[in-house]
Amino acid sequence: MALLEVEDLEVRFYTEDGVVNAVDGVSYRIERGEKFGVVGESGAGKSVTALSVMRLIDNPGQIEGGEIRFKGENLLDMDEEEIRSIRGSEIAMVFQDAQTALNPVYSVGEQIAEAIRLHLGYDDEAARDRTIEMLERVGIPDPADRYSDYPHQFSGGMQQRAVIAMALSCDPDLLICDEPTTALDVTIEAQILELLDELADEFGTAIQLITHDLGVVAETCDRVMVMYAGKPVEKAPVEDIYYDPKMPYTVGLMSSIPRIGDERDRLQTIPGTMPDLIQLPPGCSFHPRCPYAEEVCTQIEPPLVDPETGEPAEGVDAERGAACLAYTGDLQNELGYEVHVEGESHRSAVRDVEEITGGDTDV
Amino acid sequence: MSLRRYVIKRLLMVIPVLFGVSVITFSIMQLVPGDIVDVLLGMDPNADPEAAERLRQELHLDRPIWEQYLLWLAGVLQLDFGFSPITGDVSETIVTRLPATILLGAMGWVIALVLAIPAGVYAAVNKDELADDVSRIAALFGIATPNFWLGLMLLLVFSLWLGWFPSIPPDVSLLHPSMLWYLLLPAITLGTASTALLMRIMRSSMVEELNKEYVRTARAKGLPERTVVLKHVLRNSLISVVTVAALMTASIVDGAVVIEVVFSWPGLGEQLITAIGQRDLLVVQGIVLLVGVSIVIANLLADLVYAWLDPRIRY
């Protein structure tokens, strides 16, 4: 039994402008101690998926369908009391912007100790000791002195370390990191990722890492799910995503990462923007931006299938899947891109994905 | 900067403000049209010229104006507000009246806070639901109802018709239970207008805070919603409420003036109205100065409460 199994999750937001299908048919699983990446542009539904696992979707959002099984139990069936005993103790979350995620009027130490008192039942002093120990673990110097400091007295990197300490303080089995390094500069980003990686291994914690940065995924994750407009469009082990991306959207994401030694003058971008989730384009949601789109892409919504066999890969356990009509035999032409790999061995070695030919974009 | 330095700095800032208050209050006497001595003696053409001369001496009217100010200020600092030809020693008049007003103001204040904060929190948590709409309408009524009218209506209904309260204050000491019971109606009248405004501020401030990310963090920790709201959100929302509460001291004070008259409450407000009617300028001056100082102190306290609520202000 996997630690977390999300099956066919559907989340909608009932806004004044219409119904937003924020998450539509997402399935994945995370094993104990595994690091799972969820990648996509802003608005792809990554954060909503994560918040659903915490059951923290606020009005006007509703979890409309599917199951979220944690250690075999459906979180969506639990009452408020039960889910609260899991939040923060078994599933914890690290948010994007630590500065706003911390309450400005309570000391950092108190904010961590609070969770420890609540879930582990420690008294004030024991909770304080454990908090100081956690602050030390995440690399905050003089943790005993900094216990009573307020968030604004911490630098951005320190704040994120404190948030990580808070998340890990009750020794959770699953840590959901929602863009944990987006608000930080690059050097701090590397430190924080390393810290997360190290602590997750040490504590045996599984990580669901949400990011728009495939570079971060390469550094950290074992398996990846790429999301677009609320749907999963590609699922694969991390090597496959880099060496052999199957979905044109993934290819676009890969080629828009700048690299050292790049000969191109301009950054490659994916043309256009993510469609309005209230009025998704018919057929494949990605077709207006896809260089390989054909007539058929505007008519049939591609299912998630195994790109080798064309078998359905919608399920929780599917390892490899891509949602493109190229793999269901509906597309007339081939996807005309090639992947160049430069350098070997290290996982995050320089790679290059280049588009050789573009298809007809005026579909 | 430590908390102590913040407090010291804030205390020092009070000095120039108090200086301004004293100058303006002092000028009341100078701005009165005509001869101040004639005015103080009630414009009585038959007044004893000796008394007029004595008063002139007492007010140092023969000295230059800045000396007059300094001599007056020196007196005020020793709580000597002068001697009124009408009511006698001004300080004594104020001291006998002050406790009643403080009691009324404090009770009105407490009623406002005790009603406004929970109601505002409840409305914010149930935003756009029935409770919120009800509170919105109640607030509108509270703000739109004139104090004196509400006071009269309460007297009419609860004192005259229902007979639950006496209609004039009983002749007992201030802290006697039947006196406190009597005080309930004027205090409610005084508190209502402020309650309405405070409740709206509390609600909007809380609604804003509830959307902040730290609230999600607190929920993600597994804290019960009660703790999230009452520990994490409330403290952040109180900052703007404290600002308004301090500014409202002024409206509590002027509300007290009207209400004391309506309820025949023997406080400073009633005395002020009488003094104005009698052109008892020294008493007016004394009360105005006191009101000014109390508003300055209320704002000082608000700033100290900020610092206690929000550590970012201390630094």
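Brief remarks follow.
- Relative protection proxy for B:98-106, B:21-29, from highest mean packing down: B:98-106, B:21-29 (other beta-carbon atoms within 10 angstrom).
- Pairs of C-alpha atoms in region A:1-59 farther apart than 16 Å represent 48 percent of all such pairs.
- For region B:276-315, residues shielded by at least 30 square angstrom of accessible area compared with the chain on its own, probe 1.4 Å: B:Pro311, B:Arg312, B:Tyr315
- Hull shadow area, averaged, the protein assembly as shown [alpha-carbon convex hull, nm²]: 41.9 nm²
- For the residues of A:92-103, the average number of beta carbons from a partner chain within 10 Å of their own beta carbon is 4.
- Counting protein heavy atoms only, region B:195-315 has 66 percent of its accessible area on carbon and sulfur, 1.4 angstrom probe.
- Efficiency of FRET between B:Ser264 and A:Tyr122 - r from beta-carbon atoms, R0 56 angstrom, step 0.05: 0.40
- Between region B:245-315 and region A:99-156, the Cα center-to-center distance that results, in Å: 43 Å
- The A and B chains share an interface that buries close to 2300 Å² of accessible area, total over both sides, probe 1.4 Å.
- Shape call, region B:3-82: gyration tensor on alpha carbons, a/c limit 1.5: prolate
- Surface exposure of chain A, expressed per residue as accessible area with a 1.4 Å probe, stands at 42 Å².
- Expressed per residue, the C-alpha convex hull volume of region A:101-251 stands at 123 Å³.
- A 1.4 Å probe run over the protein chains yields, for region B:1-79, 69 Å² of accessible area per residue, whole-number rounding.
- Prolate/oblate/rounded call for region B:98-277, Cα gyration tensor, a/c under 1.5 rounded: prolate
- Taking the DSSP bridge list for the protein assembly as shown and keeping only pairs wholly inside it, about 65 percent are antiparallel.
- Zone residues, region B:278-299, relative to B:Met13, backbone N less than 17 Å from point 7 Å out along Cα-to-Cβ: B:295-299
- Classification of region A:100-170 by its C-alpha gyration tensor yields a prolate form. The axis ratio a/c (a ≥ b ≥ c) is 1.5 or more, and a/b outweighs b/c.
- Between region A:1-61 and region B:58-136, the alpha-carbon centres lie 57 Å apart.
- Label positions at B:Ser251 and B:Ile276, each projected 7 Å from the Cα along the C-beta direction, are separated by 1.9 nm.
- For a straight C-alpha distance cut-off of 27 angstrom, the lysines reachable from A:Lys235 (same-chain residues fewer than eight places away being disregarded) are A:Lys35, A:Lys46, A:Lys71, A:Lys246.
- With every protein chain in place, region A:100-170: carbon and sulfur % of accessible area (1.4 Å): 43 percent
- Counting only protein heavy atoms and a probe of 1.4 Å, the accessible surface of region B:1-100 is 65% carbon and sulfur.
- Alpha-carbon Debye profile of chain B, log10 I(q)/I(0) at 0.07, 0.09 Å⁻¹: -0.38, -0.61
- Using the Cβ-Cβ distance between B:Val157 and A:Glu202 with R0 set to 51 Å, the FRET efficiency from 1/(1 + (r/R0)^6) comes to roughly 0.10.
- When all protein chains stay in place and ligands, DNA and RNA are ignored, the 1.4 Å accessible-area order of A:Tyr150, A:Tyr28, largest first, is A:Tyr150, A:Tyr28.
- Expected 222 nm ellipticity per residue - DSSP helices of 4 or more, -39500 (n - 2.57), all of the protein assembly as shown, to 500: -15500 deg cm²/dmol
- Tail weight of P(r) past 36 Å, computed on alpha-carbon pairs of chain A, percent: 24 percent
- Cα-based Rg / Dmax (Å) for region B:59-173: 22.9, 69
- Helical segments meeting 24 Å axial Cα length and Kyte-Doolittle 0.0 threshold in chain B (DSSP H): B:3-31, B:90-125, B:177-210, B:281-309
- Packing-based order for B:113-119, A:332-338, using average beta carbon neighbours within 10 Å, highest first: B:113-119, A:332-338
The values are calculated or read from the model by the stated rules, or taken from the named source; none is laboratory data. All values derive from a computational prediction rather than experimental measurement. Don't worry about glycine lacking a Cβ; one is built from the backbone with ideal geometry, like all the others, and counts go over all protein chains shown. Only protein heavy atoms, including side chains, enter the accessible area calculation; ligands, DNA and RNA are left aside. Shrake-Rupley method; radii C 1.70, N 1.55, O 1.52, S 1.80 Å.
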